1. Among 64-72, 51-59, how do they line up from the highest to the lowest mean number of other beta-carbon atoms within 10 Å?
2. Ordering Y166, Y25, Y143 by accessible area with a probe of 1.4 Å, largest first, what comes out?
3. Could you tell me the relative contact order of segment 68-180? Use alpha-carbon pairs under 8 Å, at least six residues apart, and round to a whole percent.
4. When only C-alpha pairs under 8 Å and at least 6 residues apart count, what is the relative contact order of segment 66-119, in percent?
5. Shape of segment 162-225 from its Cα gyration tensor (a ≥ b ≥ c, root eigenvalues): rounded if a/c is under 1.5, otherwise prolate when a/b > b/c, or oblate?
6. How much net charge surrounds L72 when only other residues with a Cβ under 14 Å from its Cβ are counted (Lys, Arg +1; Asp, Glu -1)?
7. Work out which helices of the chain, taken as complete DSSP H runs, extend at least 20 Å along their axis over the Cα atoms and score a mean Kyte-Doolittle of -1.0 or more, then list them.
8. Using the Kirkwood formula on the Cα atoms of segment 1-94, what hydrodynamic radius do you get, in angstrom to one decimal?
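The values are calculated or read from the model by the stated rules, or taken from the named source; none is laboratory data. The shown structure was predicted, so the numbers you read here are calculated from the model rather than taken from an experiment. Cβ coordinates were reconstructed from backbone atoms using ideal geometry, including for glycine residues, and neighbour counts include every protein chain displayed. For the accessible areas, the whole protein counts, side chains as well, though only heavy atoms, and no ligand, DNA or RNA atoms are used. Shrake-Rupley method; radii C 1.70, N 1.55, O 1.52, S 1.80 Å.
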Amino acid sequence: HVLTDESDGGNSLAEMAGAAINLGYEYIAVTDHSKAVGVAHGLDEKRVMAQSIAIDAFNERLEKNGVRFTVLKGSEVDIRADGTLDHPDSILERLDCVVAAVHSGFQMKQADMTRRIIKALETGRVNILAHPTGRLINEREAYEVDIEAVMEAAKKTGTALELNSYPDRLDLNDIHCALAREKGLLVAISTDAHSVSHLGNIRFGMHTAARGWLEKKDVLNARPLKKLMEILRKGL
């Protein structure tokens, strides 16, 4: 998943898509931040719907020009402290890909943080749990969370876990990747790119995945678009 200049990204939808096309990608998911992340100029419901319309029009132009590439409509939705999601169901149900993440309240006790995340997954609206432990290497320790309990909830709800390829995140780490594989979970290796230059970070995620013994079958976005969409519609 990638972000654009609609929130805190540095490039437009067209620029992000163009860079992905040049890399030979079949698709990307545009998942700008939701409104709770004010510092990132997160999108409210009105802006999400406007962006969705723009993405539909962009995809139509690609198809008309014979370009085999698809931009998925998504959002990186904040998981609030009480475990609710930062967009209502009426918005989430219209998106192709819902990525949920914790961006605040990192000092919660383990039981509370675990319950917070599991409640979000149990809404059935989340496709991918982003940077599941919240760590920033050499800057912030992971928040306290029972990652195995979260994984069990992800398994029950058909939610994939992200391996964020940013060099300062690499979250999931290699040990957690191996655990996810053991539990039969899918992992999405994502750049979380905020600019076209960040797309190259995918190599760091791939190295981490290899250390965690992930194979192609374990990686959500190693699948072609048709199969990906089946999974995103909870067709696990």
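1. Ranking, from highest mean packing down: 51-59, 64-72.
2. Y25, Y166, Y143
3. Numbers: 192 pairs, mean separation 26.2, N = 113.
Averaging sequence separation for qualifying contacts and normalising by length gives 23 percent for segment 68-180.
4. Working: 58 pairs, mean separation 22.8, N = 54.
Result for segment 66-119 is 42 percent.
5. oblate
6. Details: positive: K73, R94, R223, K226, K227, R233; negative: E26, D32, D56, E76, D96, E230.
With Lys, Arg at +1 and Asp, Glu at -1, the neighbours total 0.
7. Working: long enough: 45-64 (29 Å, -0.57).
Going by DSSP H runs, the hits are 45-64.
8. On the way: mean 1/r = 0.0728 Å⁻¹.
Radius from the Kirkwood sum: 13.7 Å.
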